Amino acid sequence: MDTRHVQHAYSFVCLDCGHGWEATYDIDVTEDDHGHIIATYHLDGHRVRSPLQWPRCPACERHKGGNGTPLYAK
């Protein structure tokens, strides 16, 4: 398996409260023996879910998924 480390910044806007923010994630990208790609995201040294699948607004704490409130990633 081959793993490479990348950093990627994402910008978000909460469509519920209007708050905007940006965060830079450390991402470990691994390709397994079958060619499947696995991405592991870290923020501030903590493993987190993909920000594209589970962003959480730091202002109002809403997130896409659990309560259905959408967030927009730029």
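Per-structure values
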{"read-out": "By accessible area with a 1.4 Å probe, ligands and nucleic acids excluded, highest first: order of H36, H19", "value": "H36, H19"}
{"read-out": "For Y25, distant residues with modelled amide H under 5 Å away", "value": "H8, A9, Y10"}
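The values are calculated or read from the model by the stated rules, or taken from the named source; none is laboratory data. All figures in this text were calculated on a predicted structure; none of them were measured in a lab. Only protein heavy atoms, including side chains, enter the accessible area calculation; ligands, DNA and RNA are left aside. Shrake-Rupley method; radii C 1.70, N 1.55, O 1.52, S 1.80 Å.
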